[in-house]
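The values are calculated or read from the model by the stated rules, or taken from the named source; none is laboratory data. All values derive from a computational prediction rather than experimental measurement. Cβ sites come from the backbone with ideal geometry, for glycine too, and all protein chains shown count toward neighbours. The area values use the complete protein model at the heavy-atom level, side chains included, leaving out ligands, DNA and RNA. Shrake-Rupley method; radii C 1.70, N 1.55, O 1.52, S 1.80 Å.
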Amino acid sequence: MKKILFNGLGNRGWIGGLYYLKNIIFSCLESEKIKKEYRIVVLIDSAHADIFTCFGNRIDLHIYDGTNKAKLALYEMNLIWLHGVKYCYALELNKIGSLFASRGIFWIPDFQHKTLPEFFQPEELARKDVTDRKMTELTNTLVLSSEDARHDLERFYPEHKCRTQVVHFVSYIEPELRTITPELERGVADKFGLHKKYVYLPNQFWKHKNHVVAVRAIERIKKQGLLADYDFVFTGNLEDYRNPEYINELKAVMEAEPVAGSIRLLGFVERTEQLCIMKNAVFIVQPSLCEGWGTVLEDAKVLDKAVLLSDIPVHREQKNEKCTLFDPHDPDALADLIVATAERADRPEEAAYFAGDMMAGMANMYREAGEYAKALEKIFV
């Protein structure tokens with residue numbers, strides 16, 4: 001049987017990239033056509049293998065913990081050339097990946113370095129442009145996560161030779177959700193001190209995630225003496241390697257009066273704990289300035305949560321009926337929207353809407369994964 005290789009070794013430093021591969025594999029396994037012709041193979045290290053063990057014997061999991069690049073190249077050459085790998089999905093055109101370029105399906109989640117160049121150093125801008133240009137100059141299939149990204153491809157690389165395919169994804173979080181019990185939820189609440197109603201902002205602290213508009217909105221709310229019975233919970237990696245001072249700028253506002261007592265900055269939390277926090281939030285705020293196809297929103301959709309969502313093109317494409325758009329550059333408007341949403345959520349007749357129907361969300365997850373698999377079939381079948 002032919003095989004599709006998902007190589008997670010290149011994404012070990014970006015957990016979002018590994019969850020992306022997991023989500024695409026889920027859609028592949030929802031396609032009878034793909035399963036009939038291909039076996040899914042995942043190459044990963046032991047530290048991150050648990051992300052993919054949820055698929056059990058439906059995939060082949062290869063664990064590689066070595067650090068020697070020459071040995072890794074030999075291992076990958078053996079795996080790809082001698083064991084029937086036809087496609088390498090999300091192949092990186094690094095020194096090793098270039099050996100298998102003819103089998104590569106490339107992936108660019110977004111063109112953030114083009115749309116928001118002010119958040120990058122010049123050296124990284126040049127490096128990312130070289131990498132993306134290499135992929136666009138080959139005739140391989142290039143997967144894009146949104147129609148918005150396809151528009152940017154045409155805008156920034158109009159001379160591209162690649163074939164393009166937009167492939168959306170859902171968050172495959174059913175295995176984690178099945179482990180969430182009332183006891184676990186109480187334990188997470190106790191661990192992080194989440195005993196008040198709260199609004200949740202789950203994003204790593206990279207500058208383009210635009211936490212600043214939310215923090216300024218919270219500052220305005222608190223200066224007006226509103227939402228005294230609410231906390232604002234932030235999770236995510238606190239480091240932005242491109243803008244290392246950004247978190248300190250945010251903390252200066254977060255730790256000052258009048259907002260200090262209402263913000264809970266938890267940092268990076270384990271995935272199931274994160275989903276517990278999201279499940280029990282009153283609603284979510286996602287203020288990002290750029291996304292490929294946002295995982296935060298996909299998580300919220302599976303949990304059937306209400307989301308206040310930055311009004312950017314990809315979010316207009318991705319949103320569902322429980323999303324409300326706001327101007328990501330206007331903290332005053334966001335403050336008003338947060339207050340209005342919280343007041344609505346406090347009405348007894350709205351309790352079920354804001355609690356969310358997780359079973360309905362998971363059913364929709366399977367339905368959409370099947371729909372998105374049709375785009376993958378155009379690539380593989």
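Numbers below:
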read-out: Hits in the stretch 308-318 - residues which are in a loop (DSSP other than H, G, I, E, B) and in contact with a strand residue (DSSP E or B) (Cβ under 6 Å, 6 or more places away or on another chain); value: Asp311
read-out: Leading residue by the ranking (nearest to Gly236 (Cα to Cα)) among those in the stretch 185-198 that are in a helix (DSSP H, G or I) and open to solvent by 50 Å² or more (accessible area, probe 1.4 Å); value: Lys191
read-out: Counted residues, the stretch 302-326 - those being farther than 15 Å from Tyr200 by Cβ and among the charged types (D, E, K, R); value: 5
read-out: Near pairs, Cβ below 7 angstrom, 6+ apart or cross-chain, from the stretch 150-177 (free of Cβ contacts under 8 Å to residues at least 60 places away in the same chain) to any residue that is of a type in the set (A, V, I, L, M, F, W, C) and open to solvent by 40 Å² or more (accessible area, probe 1.4 Å); value: Lys161/Leu138; Cys162/Leu138
read-out: Qualifying helices (runs of 4 or more DSSP H) (wholly inside the stretch 199-307; at least 1 residues being in contact (Cβ under 8 Å) with a residue 60 or more places away in the chain); value: 211-223, 271-280, 295-303
read-out: The stretch 196-205, residues that are at pLDDT below 95 and out of contact with any Lys or Arg (no Cβ under 7 Å at 6 or more places or on another chain); value: Gln204, Phe205
read-out: Flag if Cys28 is in contact with a Pro (Cβ under 8 Å, 6 or more places away or on another chain) and either under 27 Å from Leu297 (Cα atoms) or at pLDDT 95 or above (or both); value: no
read-out: Tally, over the stretch 341-363, of residues that are open to solvent by 50 Å² or more (accessible area, probe 1.4 Å) and within 19 Å of His315 (Cβ to Cβ); value: 0
read-out: Among (1) of a type in the set (A, V, I, L, M); (2) assigned to a helix (DSSP H, G or I); (3) touching a residue at least 60 places away in the same chain (Cβ under 8 Å) - the single one Met135 does not satisfy; value: (3)
read-out: Filter result for Pro182 (surrounded by fewer than 21 Cβ atoms within 10 Å (Cβ to Cβ) and out of contact with any helix residue (DSSP H, G or I) (no Cβ under 9 Å at 6 or more places or on another chain)); value: yes
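This table checks each residue for (1) among the basic types (Lys, Arg); (2) open to solvent by 20 Å² or more (accessible area, probe 1.4 Å).
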residue: Val215; (1), (2): no, no
residue: Lys222; (1), (2): yes, yes
residue: Asp229; (1), (2): no, yes
residue: Phe234; (1), (2): no, no
residue: Pro258; (1), (2): no, yes
residue: Arg264; (1), (2): yes, yes
residue: Cys290; (1), (2): no, no
residue: Ser310; (1), (2): no, no
residue: Val314; (1), (2): no, no
